[in-house]
Amino acid sequence: MKLKQSYYLTILLICILSAPVLASEGREGNSRGKGSSILGPVTNSAYLKECGACHFAFQPQLLPRRSWEKIMGTLDNHFGDSATLDEATRTGILDYLVNNSAEKSSSRLSGKLLASIGKSDAPLRITDTGYFKRKHDEVRAAVFKRKSIGTASNCVACHLTAEKGDFDEHKVKIPKI
Ligand code: HEC
Ligand code: HEC
């Protein structure tokens, strides 16, 4: 009888002690669910075709409007390349980017990214933002230079679900070579 009592007492104690842990895990679970690191796929076919030709077609939610305007206004000198487009295609893509920029997104990712940029700064790179740097501070520079990665801009090399717009940290796999 004594033994049985202490058995039940132990079970009860475990339940009481683990309750706060479970509750906090639940909260974390929610914040990681919809609207955390999930942006959704790119939906504009001209953008996918033209801007996805040389690199991963970054989700428009990854930069503010002012950055997209600057990028789309300087395509003749785009990181040392020429990425010029006819005017109708250029304005069509610009509209898509502006209408879906970080400011238009309710995701936590976009909110944090915007908060990491000066109010009037218009970074040309996602990889230059404080948010990106903070999230990747454990990735050594040499890792980004691996053959199958090449550069930090190559999101999809490590984020296996990047094309779905899912940057959840649990779906990251860094290639070994
Ligand atoms: C001719 C090839 C080419 C085309 C076409 C092209 N880009 Fe790029 N883009 C580059 C290169 C090269 C870089 C620099 C990559 C690096 O440093 O690793 C770059 C980088 C970028 C970056 C910064 C990535 C980062 O580091 O955060 C953005 C944003 C970008 N391009 C947007 C666009 C958009 C929008 C279009 C379509 C209008 C486009 N690109 C079309 C070659 C291209
Ligand atoms: C060399 C591989 C690599 C590349 C390339 C890379 N990332 Fe990451 N990314 C990581 C790792 C590792 C983490 C952190 C995972 C962790 O903390 O467990 C991360 C974290 C993130 C997070 C935070 C996710 C979360 O759940 O909090 C975002 C957002 C993100 N990356 C976006 C990008 C974008 C956008 C690009 C391209 C411009 C990119 N990453 C390029 C490896 C990479």
- Query: According to a simple spin-label model (label point 7 Å from Cα along Cα-to-Cβ), what is the distance in nm between residue 55 and residue 156?
  - Reply: 1.4 nm
- So between residue 124 and residue 146, what do we pick up on full extension, going 0.36 nm a residue minus the alpha carbon distance? 5.6 nm
- Work out the length of the dipole vector of the stretch 45-171 about its Cα centre, built from +1 on the beta-carbon of each Lys and Arg and -1 on the beta-carbon of each Asp and Glu, and round it to the nearest 20 debye. 520 debye
- XL table 112/145; 147/176; 147/173; 49/104; Cα-Cα > 20 Å flagged, in table order, is 112/145; 49/104
- With x for Gly and Pro, the residue-by-residue ³J(HN,Hα) of the stretch 59-68, computed from phi through the Karplus equation 6.51 cos²θ - 1.76 cosθ + 1.60 at θ = phi - 60° and given in whole Hz, is 4, x, 5, 8, 8, x, 3, 4, 6, 4
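At 0.36 nm per residue, and after removing the present C-alpha to C-alpha distance, how many nm does the segment from residue 134 to residue 164 gain when stretched out fully? Don't skip to the end; give the middle numbers.
Numbers: separation 30, 0.36 × 30 = 10.80 nm, distance 2.25 nm.
Difference between extended and current length: 8.6 nm.
Gain in length, residue 104 to residue 48, computed as 0.36 nm per residue apart minus the alpha-carbon separation, to one decimal in nm?
Contour length minus the Cα-Cα distance gives 18.2 nm.
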- Cα centroid separation - the stretch 93-142 against the stretch 49-79, whole Å: 12 Å
- Here FRET efficiency (C-beta to C-beta, residue 173 to residue 79, R₀ 25 Å, nearest 0.05) is 0.40
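Only the coordinates and a few stated rules stand behind these numbers; no lab work does. Values in this document were obtained by computation on a predicted structure and should not be read as measured data. Because the Cβ atoms are built from the backbone with ideal geometry, glycine has one as well, and the counts that use them run over all protein chains shown.
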